[in-house]
Amino acid sequence: MSAEIRENPSHVPASLVVDFDFIHPEGADTDPYAALKSLHDGPDIFWTPRNGGHWVATRGADIRGILSDNENFSSRAVFIPPMKRPPVIPLEVDPPAHAGYRRLISPAFFPKAVANWSEQARGLAVSIIEKLRPFGECEFVGDFAQQLPIIIFLRMCDLPLEDREMLLGWVGASLRPTDPVLRDQARASMSEYIRKWIALRRAAPGDDLLSRVVTAEIDGRRLDDLEVHSIATGLLGGGLDTVAASMSWMARFLAEHPAHRQQLIDDPELIANAIEELLRRFSVPNIARVVAKDLVYKGVAMKGGEQILLSACLHGMDEQSFEDPLTVDFARKDARMHSTFSQGIHRCPGSMLALAELRIFLEEWLRCIPDFWIKPGETVRTATGIVHGVLTLPLAWNVR
């Protein structure tokens, strides 16, 4: 898919123009992180004419700061290129309206709720792993990473489990597009699916997360179908893809680094910090903000309405933010300072559940299959877009 190229605006100096396509960086099919890391050799902030033209911030301090600066950088269009569609709620809503929407979904991710879903997730993880173990191999992404979080999410929303493969296909085509026609078809199909379930929940609400949104009120006003649809879209994207992507990058690293794997086997107490460290090193989201008004940021003149890409992995791999950032150190004291879950008021409301699922994966997988590797003769395939993803991860192990 070719990225739309825009003529460089007159206020952008030639010294700040870099021809960079974040959806198709060089080497994205094996390691998109290496392609983005190379950006640290250039300007801290630059303009690319690709994907309609936008700014890119490459340094962790700027990424953290801009993500938290709601006054100068709006969240009204967090995906590049921008699309003509209603905003994804609450992801693309600025204060003060953002707070009311976030309050609707936050209870689903409070500690008590997370504990309940974690218990179910652990049982599910053990069941999947025990079924896989006798085969001595698996395609990790499809056989495990995409199964655990999506099943939990579908249970939270009381949606049919048999829909998961269909939904995963739509979400993948939307977040890591290879063809604009297929992307638009996937988004249209998912939109129709959501509309169907909104109508069903309107007619017969239950006690699930989707029903809570359908029946919710803000300041005494019942949400309309467009608002419910938007919230459901955001929940689907977050619940069906990002955890699976992070889990897959973690599994790939551990398959290729037996010494790190052995560290976690010998000292399970390291697992919590290891998760944060791997989320730092392999941050998956590529999120944007919109310049709210004409301004000068760090000497760079920006115009209102322009977008700026804030790739979390550029923060995680920045030597100005983390010492020796490309090295994975499970004892790193500042590992939690990453931007995988964003910053400020838009920090991911489901982060506690995501961390719980990732911990369950490491604990149960390493207990049942402590030694595993990339299957000889097979190739790991990756891709990027709004989310850095692993497409295929063939693993093997000895059957005991």
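Residues checked against (1) modelled with pLDDT under 90; (2) among the hydroxyl-bearing types (Ser, Thr, Tyr); (3) over 26 Å from residue 190 (Cα atoms):
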| position | (1), (2), (3) |
| --- | --- |
| 219 | yes, no, yes |
| 223 | no, no, no |
| 227 | no, no, no |
| 230 | no, yes, no |
| 233 | yes, yes, no |
| 238 | yes, no, no |
| 241 | yes, no, no |
| 252 | no, no, yes |
| 255 | no, no, yes |
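The single condition from (1) under 18 Å from the mean Cα position of the chain (by Cα); (2) modelled with pLDDT of 95 or more; (3) part of a loop (DSSP other than H, G, I, E, B) that residue 348 fails is (2). Kindly indicate whether any position in region 80-94 is surrounded by fewer than 15 Cβ atoms within 10 Å (Cβ to Cβ), at pLDDT 90 or above and within 22 Å of the chain's Cα centre (by Cα). No: zero hits. Of all residues in region 372-395, those satisfying the criterion of being surrounded by fewer than 18 Cβ atoms within 10 Å (Cβ to Cβ) and farther than 27 Å from residue 79 by Cα are 373, 374, 376, 377, 378, 379. Of everything in region 163-201, what is at pLDDT below 90, part of a helix (DSSP H, G or I) and of a type in the set (D, E, K, R)? Give them in sequence order. Hits for region 163-201 are 163, 164, 165, 183, 184, 187. Count of region 152-162 residues, restricted to those that are assigned to a helix (DSSP H, G or I) and surrounded by 17 or more Cβ atoms within 10 Å (Cβ to Cβ), is 5.
Checked against the criterion of being hydrophobic (A, V, I, L, M, F, W, C), farther than 30 Å from residue 392 by Cα and surrounded by 14 or more Cβ atoms within 10 Å (Cβ to Cβ), region 27-46 has at least one qualifying residue. Checking the condition aromatic (Phe, Trp, Tyr) and farther than 21 Å from residue 350 by Cα, which residue from 140, 79 passes? Exactly one of 140, 79 is aromatic (Phe, Trp, Tyr) and farther than 21 Å from residue 350 by Cα, namely 140. Of everything listed in (1) of a type in the set (A, V, I, L, M, F, W, C); (2) surrounded by fewer than 22 Cβ atoms within 10 Å (Cβ to Cβ); (3) out of contact with any strand residue (DSSP E or B) (no Cβ under 9 Å at 6 or more places or on another chain); (4) assigned to a loop (DSSP other than H, G, I, E, B), the single unmet condition for residue 77 is (3). If the condition is being among the charged types (D, E, K, R) and touching a residue at least 40 places away in the same chain (Cβ under 8 Å), then region 104-145 contributes 122, 130, 133, 137, 139.
Here the condition is being surrounded by 19 or more Cβ atoms within 10 Å (Cβ to Cβ) and assigned to a loop (DSSP other than H, G, I, E, B); of 24, 11, it holds for 24 alone. Is at least one residue of region 25-39 more than 28 Å from residue 184 (Cβ to Cβ), modelled with pLDDT of 90 or more and over 22 Å from the mean Cα position of the chain (by Cα)? Within region 25-39, none of the residues are more than 28 Å from residue 184 (Cβ to Cβ), modelled with pLDDT of 90 or more and over 22 Å from the mean Cα position of the chain (by Cα).
Of all positions in region 318-325, at least one carries a residue that is under 26 Å from residue 77 (Cβ atoms), under 20 Å from the mean Cα position of the chain (by Cα) and not hydrophobic (A, V, I, L, M, F, W, C).
Restricting attention to region 326-341, which residues are farther than 18 Å from residue 63 by Cα and either of a type in the set (Asp, Glu) or under 18 Å from the mean Cα position of the chain (by Cα) (or both)? Matches in region 326-341: 329 only.
The values are calculated or read from the model by the stated rules, or taken from the named source; none is laboratory data. Nothing here was measured: the structure is a model prediction, and the numbers come from that model. Note: ideal-geometry Cβ built from the backbone for every residue, glycine included; neighbour counts use all protein chains shown.
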